[in-house]
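K.L.:
Sending over a structure as structure tokens; questions will come in a sec.
The values are calculated or read from the model by the stated rules, or taken from the named source; none is laboratory data. Computed from a prediction, not measured in an experiment: that's the story for all the values here. Here Cβ is always computed from backbone atoms with ideal geometry, including for glycine, and neighbour counts include all displayed protein chains.
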Amino acid sequence: MTPPEDRRTVAQHVDAALALVAPLPVVEHDLDAALGRVLASDVVSLLDSPASDSSAMDGYAVRTADVRGATPTDPVTLRVVADVPAGGPGGPAGVDGGPGAAGPRIGPGEAARIMTGAVVPAGADAVVPVEETSTGRFVPGSPASPDSWTGTVTLPVAGRGGARRTHVRARGEDVRRGDVVLGSGTRLSARHVSVAASAGYATLPVHREPRVAVVSTGSELVAAGTVPGPGMLPDSNSVLVAAAARSLGAHVVRRGAVGDTVQALGVALDEVLSGAWPDGAVAPPDLVVTTGGVSAGAFDVVRGLLDPATRAGTPWADAVTDAQLVAVGMQPGKPQGLARWRGVPWLALPGNPVSAFVSFELFVRPVVDRLRGCPEPRRALVTRVAGEGWASPPGREQLVLVRHAGPDDARVVLARPVQRGREGSGSHRLSALAVADAVAVVPADVTALAEGDAVRVLLLD
Ligand code: AMP
Ligand code: MG
């Protein structure tokens with residue numbers, strides 16, 4: 001006998017799904033591969049940034065004492081004694097020892113030609129931009145030979161010379177060695193990996209990528225691209241779930257269109273448990289996601305396999321633990337299942353494509369996010385304005401495919417199927433997925449939304 005059906009809210013089912021999993025172990029990834037992963041610990045800078053007092057301009061490093069009070073009508077002339085390009089301390093020819101070597105020293109009445117980012121020489125405490133000096137501009141690519149830069153420079157020809165530290169970036173003024181620059185739990189974007197590189201890291205500790213096995217059930221399904229015969233249709237759910245999991249950084253194996261027999265599904269689930277993964281690993285999945293077969297039809301195969309009576313005497317008698325077949329107070333997507341298959345967490349979604357989609361967003365995404373180490377895997381909703389009214393069923397949270405009315409518009413309107421002749425969405429009318437950019441979440445106690453009402457939405461993509 002199938003266990004009695006349990007009724008619950010969306011939030012309760014999210015909790016039940018999250019309880020199946022824990023964050024995956026930590027691995028070290030180089031910065032390119034770390035992109036999109038979740039950081040497993042705080043990142044402490046190994047470096048001061050800037051590493052030294054350095055110039056913010058192309059110009060001349062000077063001693064404030066020499067230029068104080070100088071003006072274009074009463075300038076000073078300094079002897080240029082060194083050339084300091086970025087990339088290491090410079091100096092007169094023959095002294096240049098490359099990065100890290102001792103740099104030149106500026107004495108009274110002296111200046112050094114200096115480029116942006118170069119270390120300010122000892123003795124200097126300000127930089128005068130080249131355009132404020134008698135030089136006017138530097139010729140790009142001019143050789144760093146003494147002839148090209150020795151001599152004198154008169155300044156200022158514009159501006160006011162320079163107060164102490166003018167155009168000097170202080171060592172550590174952005175970050176000091178030991179500062180925390182990235183927090184544990186950060187989802188690493190391009191911005192984050194660049195900060196890590198600047199802090200001295202080539203690799204970062206991140207949670208291992210989840211391995212997700214996707215299985216769609218339905219004897220009516222044909223593989224994408226195959227012309228369906230009578231009563232058949234393309235398997236779009238396994239394509240959807242696999243792609244959505246992959247976009248969360250998961251490795252995915254996909255078994256599409258498993259026939260509606262307990263035998264076929266049992267074999268398919270065992271096969272995906274010993275699967276080889278695109279990254280070369282051979283290991284059980286961290287999560288199995290099935291679609292279809294959870295409602296009350298005579299051939300609802302997931303329901304069948306979750307029933308201990310059906311499994312008795314089969315190779316799968318003991319394969320299922322923690323099974324829950326539930327009616328979630330939501331529309332669409334009411335029938336949901338979860339269990340462990342030989343210990344592996346299993347989320348069983350309904351088969352109608354829009355139901356499968358909202359179920360992924362509501363239940364699968366948080367589970368994958370917890371596996372990949374996100375500290376708060378529950379989805380955040382944002383508030384928008386209903387650009388049109390619609391009805392909502394009493395007693396069930398309604399999930400509605402919507403789209404923003406315009407790029408900067410806070411109004412959302414229904415995302416309609418390609419064929420608009422008939423009203424109502426219908427969880428089989430998946431063409432609306434192509435135009436949706438959000439899912440409106442209408443609370444169970446709301447039965448109608450009017451144009452202008454506030455509405456909470458889950459943003460997609
Ligand atoms: P089920 O939840 O298995 O009763 O499926 C309900 C309906 O959803 C089926 O009759 C199909 O029309 C559709 N469906 C189920 N699985 C898929 C799938 N993998 N791809 C596209 N449509 C599906
Ligand atoms: Mg089915």
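K.L.:
Check every one of the strands (runs of 3 or more DSSP E) wholly within the stretch 354-461 and list those with 1 or more residues that are over 30 Å from the mean Cα position of the chain (by Cα).
P.N.:
none
K.L.:
Condition (residue is part of a strand (DSSP E or B), in the same structural domain as Arg255 (by TED's automatic domain parsing) and either modelled with pLDDT of 95 or more or of a type in the set (Ser, Thr, Tyr) (or both)) applied to the stretch 301-314: is it met by at least one residue?
P.N.:
No, the stretch 301-314 contains no residue that is part of a strand (DSSP E or B), in the same structural domain as Arg255 (by TED's automatic domain parsing) and either modelled with pLDDT of 95 or more or of a type in the set (Ser, Thr, Tyr) (or both).
K.L.:
Hey, another quick one. With respect to Leu204, is the statement that it is away from ligand 1 (no atom under 15 Å from the Cβ) and in a strand (DSSP E or B) true?
P.N.:
Taking the combined requirement at face value, the residue satisfies it.
K.L.:
Quick one: which of Gly183, Gly172 is closer than 30 Å to Ala122 by Cα and surrounded by fewer than 19 Cβ atoms within 10 Å (Cβ to Cβ)?
P.N.:
Unique residue meeting the criteria: Gly172.
K.L.:
Do you know which residues across the stretch 261-302 are in contact with a strand residue (DSSP E or B) (Cβ under 6 Å, 6 or more places away or on another chain), within 11 Å of ligand 2 (Cβ to nearest atom) and not polar (S, T, N, Q)?
P.N.:
So in the stretch 261-302, the residues in contact with a strand residue (DSSP E or B) (Cβ under 6 Å, 6 or more places away or on another chain) come out as 264-265, 268-269, 272, 275-279, 282, 284-295, 301-302.
Adding the requirement that they be within 11 Å of ligand 2 (Cβ to nearest atom) leaves 265, 290-295, 301-302.
The answer is Leu265, Gly292, Gly293, Val294, Val301, Val302.
K.L.:
Hey, another quick one. Can you find, within the stretch 297-312, the residue that is surrounded by the most Cβ atoms within 10 Å (Cβ to Cβ) among those that are small (Gly, Ala, Ser) and over 11 Å from Leu265 (Cα atoms)?
P.N.:
Here the residue is Gly297.
K.L.:
Same structure, new question: Failed condition for Asp318, given (1) in contact (Cβ under 8 Å) with a residue 60 or more places away in the chain; (2) farther than 27 Å from Ala11 by Cβ, with all others met?
P.N.:
Result: Asp318 passes all but (1).
K.L.:
Separate question: Yes or no: Ala245 farther than 15 Å from Val301 by Cα and in contact with a His (Cβ under 9 Å, 6 or more places away or on another chain)?
P.N.:
Values: farther than 15 Å from Val301 by Cα: yes; in contact with a His (Cβ under 9 Å, 6 or more places away or on another chain): yes.
Taking the combined requirement at face value, the residue satisfies it.
K.L.:
If you check Gly103 against the conditions, is it on the phi < 0 side of the Ramachandran plot, modelled with pLDDT under 95, in a loop (DSSP other than H, G, I, E, B) and crowded, with 20+ Cβ neighbours inside 10 Å?
P.N.:
Considered against the rule, which asks whether it is on the phi < 0 side of the Ramachandran plot, modelled with pLDDT under 95, in a loop (DSSP other than H, G, I, E, B) and crowded, with 20+ Cβ neighbours inside 10 Å, Gly103 comes out as yes.
K.L.:
Somewhere in the stretch 318-334, is a residue assigned to a helix (DSSP H, G or I), within 13 Å of ligand 1 (Cβ to nearest atom), at pLDDT 95 or above and crowded, with 21+ Cβ neighbours inside 10 Å? Can you show your working first?
P.N.:
Applying the first criterion (assigned to a helix (DSSP H, G or I)) to the stretch 318-334 yields none.
Scanning the stretch 318-334 turns up no residue that is assigned to a helix (DSSP H, G or I), within 13 Å of ligand 1 (Cβ to nearest atom), at pLDDT 95 or above and crowded, with 21+ Cβ neighbours inside 10 Å.
K.L.:
Only one of these is within 25 Å of Val442 (Cβ to Cβ), in contact (Cβ under 8 Å) with a residue 24 or more places away in the chain and of a type in the set (D, E, K, R): Arg342, Arg370, Arg311, Arg384. Name it.
P.N.:
Arg384
K.L.:
Also: Taking the condition of being free of Cβ contacts under 8 Å to residues at least 24 places away in the same chain and within 13 Å of ligand 1 (Cβ to nearest atom), how many residues in the stretch 251-299 meet it?
P.N.:
The number of residues fulfilling the criteria is 2.
K.L.:
Sticking with this one: Determine whether Arg379 is of a type outside the set (Phe, Trp, Tyr) and under 26 Å from Val446 (Cα atoms).
P.N.:
On the way: of a type outside the set (Phe, Trp, Tyr): yes; under 26 Å from Val446 (Cα atoms): yes.
Judged against the criteria, Arg379 is a match.
K.L.:
Please verify whether Pro335 is within 30 Å of Ala33 (Cα to Cα) and either not aromatic (Phe, Trp, Tyr) or not assigned by TED's automatic domain parsing to the domain that holds His13 (or both), treating the condition exactly as stated. Full working, then the answer.
P.N.:
Values: within 30 Å of Ala33 (Cα to Cα): no; either not aromatic (Phe, Trp, Tyr) or not assigned by TED's automatic domain parsing to the domain that holds His13 (or both): yes.
It is false that Pro335 is within 30 Å of Ala33 (Cα to Cα) and either not aromatic (Phe, Trp, Tyr) or not assigned by TED's automatic domain parsing to the domain that holds His13 (or both).
K.L.:
Select from the stretch 261-285 the residues that are surrounded by fewer than 23 Cβ atoms within 10 Å (Cβ to Cβ), in contact with a Pro (Cβ under 9 Å, 6 or more places away or on another chain) and of a type outside the set (A, V, I, L, M, F, W, C) and list them in ascending order.
P.N.:
The answer is Gly266, Asp270, Ser274, Gly275.
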